[in-house]
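The values are calculated or read from the model by the stated rules, or taken from the named source; none is laboratory data. Just so you know, these numbers come straight off a predicted model, no measurement behind them. Because the Cβ atoms are built from the backbone with ideal geometry, glycine has one as well, and the counts that use them run over all protein chains shown. Side chains are part of the model used for accessible areas, which takes the heavy atoms of the whole protein and leaves out ligands, DNA and RNA. Shrake-Rupley method; radii C 1.70, N 1.55, O 1.52, S 1.80 Å.
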Amino acid sequence: MNGESGEAAARGERIIAVAGEALVDLVPADVPGHFVAMPGGSPTNVAVGLVRLGAPVRLLARIGAGAMGNRVRNHLRHNDISLDHTIQAQEQTSLAIVDLDENGVAQYDFRIDGAADWQWTDTELADALDGDVVALHTGSLAMTQQPGADALLRLIERARPAATISYDPNMRPQLMIHEQARSRVETVLSLADVVKVSSEDLAWLYPGRPAQDVLADWACRGPALVVVTLGGDGALAATAENRMSVHRPGLPIDVVDTVGAGDAFSTGLLAGLHRRDLLGADRRKALQAMAETDVVQLLDEAALIAALTCTRRGADPPTTAQVTDFVDRVRHLA
């Protein structure tokens, strides 16, 4: 398979590479006090979501040793993601323990010291961009945890001349030093074409500053498209050519939990850009010139992917068939 996943990649379509952590989430089960071990990690969730939506994906991940690492590998194989560009690491697998509030909103506790995800080297990433890679998505813990974070930053710099750079900061304050994290975010921001960030991330990065102000500022710093997700209140977006924000409402759903919701939104954005042939450095000008009507459609598609993920336990994004079925049922009821 040459490192790409699924039949689409086998046909030689333009590849979306996703780089970052591949860990295990312990998610509350239906039985009080019990947990379900579900493979995840923000970039891994994005990769799985993209494959389920039919996009050709290459996952760049260091997968830990032992039973937890095997659980992650089996999850990737089950989702038709090749392990060709993953590293079989000797370090332990990172663990995220999830707690839910009364609204199903996730809070996290981590066990990551010395884990596999953060040990990237330039040598391990030497062939990461081989072939027709038209986009590189990364973010979350992998872009802030050393020593691997600097190797991934160099990968972004190497990818940018040929590929669209997609970035989701996905901050985890309990694991980050504020000023260092903000500096890293702003460094990656200057290299990115597409940025998705949550309002909670912005509130931590820039206390007291309205999300709309940060959105307009970030749209001036290089990205073609910046999106701020607002949870149940929808999303805001601005583009490099139109910094007046566009707002789209959220979808009314019965929330099981919010684990992986932001990752699913990123999946929706990337899958939508892939379908519109807007990925790749050769499409950068077209991406920058995207019309407001296209931005609105893109946000609505991504919001639907995220909403459907929230109706299921853990990071379990929908397939194209499940999205189509939901849309058909809504139209029938209307």
Practice task
Select, from D277, D282, D201, D217, the only residue that is touching a Pro at 6+ places or on another chain (Cβ under 6 Å) and of a type in the set (D, E).
Solution key: D201
Fill in the blank from the handout: Within region 304-332, the residues that are out of contact with any helix residue (DSSP H, G or I) (no Cβ under 7 Å at 6 or more places or on another chain), crowded, with 18+ Cβ neighbours inside 10 Å and under 22 Å from H247 (Cα atoms) are A307
Practice task
Report those strands (runs of 3 or more DSSP E) wholly inside region 172-273 carrying at least 1 residues which are of a type in the set (D, E, K, R) and surrounded by 23 or more Cβ atoms within 10 Å (Cβ to Cβ).
Solution key: 194-198
Exercise for the section: Report yes if some residue within region 61-83 is among the basic types (K, R) and in contact with a helix residue (DSSP H, G or I) (Cβ under 9 Å, 6 or more places away or on another chain); otherwise report no. Expected result: yes
Handout entry: Those residues of region 74-115 which are among the charged types (D, E, K, R) and within 29 Å of D130 (Cα to Cα), in sequence order
Key = R77, D80, D84, E91
Exercise for the section: Please name all residue pairs, on different chains or six or more residues apart, with Cβ atoms under 6 Å, provided the first residue is in region 274-300 and is closer than 15 Å to I16 by Cα and open to solvent by 40 Å² or more (accessible area, probe 1.4 Å) and the second residue is modelled with pLDDT of 95 or more and part of a loop (DSSP other than H, G, I, E, B). Expected result: H274/A55
Exercise for the section: Tell me which residues, restricted to region 14-39, are in a loop (DSSP other than H, G, I, E, B) and farther than 15 Å from N74 by Cα. Expected result: R14, G20, E21, A29, D30, V31, P32, G33, H34
Practice task
Could you list, in sequence order, all residues of region 42-61 that are under 21 Å from G148 (Cβ atoms) and either surrounded by fewer than 23 Cβ atoms within 10 Å (Cβ to Cβ) or of a type in the set (G, A, S) (or both)?
Solution key: S42, A47, A61
Handout entry: Odd one out for H247, checked against (1) under 18 Å from T164 (Cβ atoms); (2) in contact with a strand residue (DSSP E or B) (Cβ under 9 Å, 6 or more places away or on another chain)
Key = (1)
Problem - Residues that are of a type in the set (G, A, S) and either modelled with pLDDT of 95 or more or in contact with a Phe, Trp or Tyr (Cβ under 8 Å, 6 or more places away or on another chain) (or both), drawn from region 70-105 - result: S82, A89, S94, A96
Problem - Candidate set: region 93-123, residues that are of a type in the set (S, T, N, Q) and closer than 20 Å to V36 by Cβ; chosen: the one farthest from the chain's Cα centre (by Cα) - result: N103
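Conditions tested, residue by residue: (1) closer than 18 Å to L153 by Cβ; (2) touching a residue at least 12 places away in the same chain (Cβ under 8 Å); (3) of a type in the set (D, E).
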| residue | (1), (2), (3) |
| --- | --- |
| P173 | no, yes, no |
| R184 | yes, yes, no |
| V188 | yes, yes, no |
| V195 | yes, yes, no |
| S198 | no, yes, no |
| A203 | no, no, no |
| P207 | no, no, no |
| D213 | no, no, yes |
| G222 | yes, yes, no |
Practice task
Answer yes or no as to whether A128 is modelled with pLDDT under 95 and small (G, A, S).
Solution key: no
